[in-house]
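Student: Sharing a structure below in structure tokens format, with a few things to ask.
The values are calculated or read from the model by the stated rules, or taken from the named source; none is laboratory data. Everything numeric in this text was worked out from a predicted model, so none of it was measured. Ideal geometry is used to build each Cβ from the backbone, glycine not excepted, and the neighbour counts take in all protein chains shown. Note: areas computed on protein heavy atoms with side chains; ligands, DNA, RNA excluded. Shrake-Rupley method; radii C 1.70, N 1.55, O 1.52, S 1.80 Å.
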Amino acid sequence: MTESSIFTRILEGEIPAEIVAETENVFAIRDIAPQAPVHLLVIPKTGEYRSVVELASHDPALLAEVIALAHTVATEHADGDFRLVFNTGAGAGQTVFHVHAHVLAGDLDEKSLNA
Ligand code: 5GP
């Protein structure tokens with residue numbers, strides 16, 4: 001059995017975090033190290049997909065759910081405009097290999113591109 005990701009441990013309540021939104025298959029939390037005025041992570045509850053590439057090829061409907069919840073939280077926490085970032089691979093800055101979308105919103109500047 002592979003070890004649970006940090007996001008699975010948050011979902012299961014082992015690590016404290018405020019879940020700001022949740023649907024049957026997806027949840028959203030605040031990033032612990034925000035890179036923008038609003039920086040949320042939208043995460044499939046299943047930890048079986050390591051990257052957005054795996055998610056898109058195996059379960060595109062679940063990817064669509066991630067994007068829909070990103071829009072919802074960007075509307076609830078900012079004006080509805082947002083930047084969506086999927087770091088994909090360690091070389092691109094991915095540190096947690098349980099696919100997640102960074103939702104960056106609020107007063108964005110160029111630095112936020114590097115979240
Ligand atoms: P990645 O670098 O994989 O694209 O994004 C992982 C993100 O998870 C980082 O932005 C990091 O700040 C965030 N993160 C890591 N550990 C925790 C945690 O325990 N709680 C929360 N809320 N965010 C975390």
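Student: In 5 Å bins starting at 0, how do the alpha-carbon pair distances of the chain split up by percent?
Tutor: All Cα pairs, binned at 5 Å, distribute as 2, 12, 23, 26, 22, 12, 3, 1, 0 percent.
Student: Let me ask something else about it. Summarise the accessible area of the chain (1.4 Å probe, protein heavy atoms) by the percent that is carbon and sulfur.
Tutor: 52 percent
Student: What accessible area per residue, rounded to a whole number of Å², is obtained for the range 7-115 using a probe radius of 1.4 Å?
Tutor: Dividing the accessible area of the range 7-115 by its residue count gives 53 Å².
Student: Given the options THR88, ILE10, LEU63, identify the residue whose Cα lies farthest towards the positive end of the charge dipole of the chain (+1 on Cβ of Lys, Arg; -1 on Cβ of Asp, Glu).
Tutor: Looking along the dipole axis, the top candidate is THR88.
Student: Measuring from a point 7 Å past the Cα of GLU54 along Cα-to-C-beta, which residues in the range 5-28 have an amide N at less than 11 Å?
Tutor: 5
Student: Relative contact order of the chain, please, whole-number percent, based on alpha carbon pairs below 8 angstrom and at least 6 residues apart.
Tutor: Once divided by the residue count of the chain, the mean separation gives 29 percent.
Student: What full-extension length gain, to one decimal in nm, is calculated for ALA21 and ALA61 as 0.36 nm per residue of separation minus the Cα-Cα distance?
Tutor: Working it through step by step, the gained length comes to 12.6 nm.
Student: Can I ask one more? If I model a spin label at ARG30 and GLU14 as a point 7 Å from the Cα along the Cα→Cβ vector, what separation in nanometres do I get?
Tutor: Those two pseudo-labels are separated by 2.4 nm.
Student: Sticking with this one: Obtain the nm distance between the two label points defined at ARG83 and THR46 by a simple spin-label model: each point lies 7 Å from its Cα along the Cα-to-C-beta direction.
Tutor: 3.1 nm
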